[in-house]
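Working notes, beginning with the structure itself.
Derivation of every value follows stated rules applied to the coordinates shown; laboratory data play no part. Everything numeric in this text was worked out from a predicted model, so none of it was measured. All Cβ positions, even for glycine, are placed from backbone atoms using ideal geometry, and neighbour counts span all protein chains on display.
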Amino acid sequence: CTKAGYLHLIAPKRDFTVLTGEDVLTVYAFNTKVAKHTFCSICGVKPFYTPRSNPDGVGVNINCLDPIPIDINIAEFDGQNWEVNAHTLAHKSQ
């Protein structure tokens, strides 16, 4: 998401652990309530979410990793036409 500065890394839930700060995280869900948008209740940063395209996975905001990995492969995705393209993400949480 360009507007939010979100650089997505979708991973299986089994490979994801919140190490600290879980007590200050808040979840926002809308429409189908499948996607769960997690943000910090103190500063508003959006570190990860549960994607509607991958409810068995976690979409991590690479910009929130410390340190940010320098060797990453960025694949383009047409988010403006999300409904048509979401199926191309299904394998990412496997």
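Before moving on, here are some points about what is shown:
- Radius of gyration over Kirkwood radius for the chain, both on Cα atoms: the Rg/Rh ratio is 0.94.
- Helical runs assigned H by DSSP (4 residues or longer) give the chain a calculated mean residue ellipticity at 222 nm of -500 deg cm²/dmol, each run adding -39500 (n - 2.57) before division by the residue total.
- Relative to the Cα centre, the charge distribution of the chain, modelled as +1 at Lys and Arg Cβ and -1 at Asp and Glu Cβ, gives a dipole magnitude of about 280 debye.
- In this simple spin-label model, placing a label point 7 Å from the Cα along the Cα-to-Cβ direction at both Ile72 and Asp56 gives a separation of 2.4 nm.
- Residues Tyr6, Tyr28, arranged from fewest to most other Cβ atoms within 10 angstrom of their Cβ, appear as Tyr28, Tyr6.
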